[in-house]
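Everything on this sheet refers to the single structure shown next.
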Amino acid sequence: MGLCDPSQLTTQAQAKDAEFAEHQRNATNCRNGWNDCNHSKLTVLEARDVKVEEHQRNLSDCKAGRETCEYAQLTGTEAAALANAEHTRNYQACLKGTGYCDRSRPTPAESKATPDISSVAR
């Protein structure tokens with residue numbers, strides 16, 4: 001299927017339909033975070049919805065630890081919740097001896113409660 005050539009459309013209705021379809025395609029591309037998105041062609045309502053979608057996608061990326069996460073785009077509450085969840089995950093890893101444990105991160109009280117795995121025979 002080739003690209004649409006607007007000059008080949010024979011009626012005003014066809015031209016309007018093609019323009020509407022192009023707008024819908026752009027809005028969908030923006031909502032889905034695809035590269036072929038032109039934010040300047042969105043309506044005010046679409047732009048607001050896309051901004052919400054982009055924020056949710058970024059939050060999801062941060063929660064999953066993806067490198068596409070932009071921490072600066074998170075709200076203070078979201079950043080604090082993520083930091084707390086990561087602290088808990090790290091502490092549990094240190095406590096159980098499973099998963100990645102950064103021993104420099106638990107609090108002094110948490111460090112006392114975690115086993116010293118350096119003295120455990122392997």
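Read the figures in this text as sums done on the coordinates, not as results from a lab. Just so you know, these numbers come straight off a predicted model, no measurement behind them. Cβ coordinates were reconstructed from backbone atoms using ideal geometry, including for glycine residues, and neighbour counts include every protein chain displayed.
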Mind jotting down the distance between the C-alpha centroids of region 23-56 and region 83-112, whole Å? 39
If every Lys and Arg gets +1 and every Asp and Glu gets -1 at its Cβ, then about the Cα centre region 12-117 yields a dipole, in debye to the nearest 20, of 340
Please give the length that would be gained between HIS87 and ARG103 if that part of the chain were fully extended, namely 0.36 nm times their separation in residues minus their C-alpha to C-alpha distance (nm, one decimal). 4.7 nm
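Which order do VAL52, VAL44 fall in if you start with the one that has the fewest other Cβ atoms within 10 Å?
Numbers: VAL52 11, VAL44 7.
Arranged by neighbour count, lowest to highest, VAL52, VAL44 become VAL44, VAL52.
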What list do you get for TYR91, TYR71, TYR100 if you sort them by fewest beta carbons within 10 Å? TYR100, TYR71, TYR91
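Could you put LEU45, LEU95, LEU74 in order, starting from the residue whose Cβ has the fewest other Cβ atoms within 10 Å? Walk me through the numbers before you get to the answer.
Values: LEU45 8, LEU95 14, LEU74 17.
Exposure proxy ranking, most exposed first: LEU45, LEU95, LEU74.
Assuming R0 = 41 Å, can you tell me the calculated FRET efficiency for the pair THR11 and ASN32, based on Cβ-Cβ distance, to the nearest 0.05?
Numbers: r = 31 Å, r/R0 = 0.76.
The pair THR11/ASN32 has a calculated efficiency of 0.85.
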Filtering GluC sites (Glu not before Pro) in region 25-115 by DSSP loop and by at most 16 other Cβ atoms within 10 Å leaves GLU67, GLU70
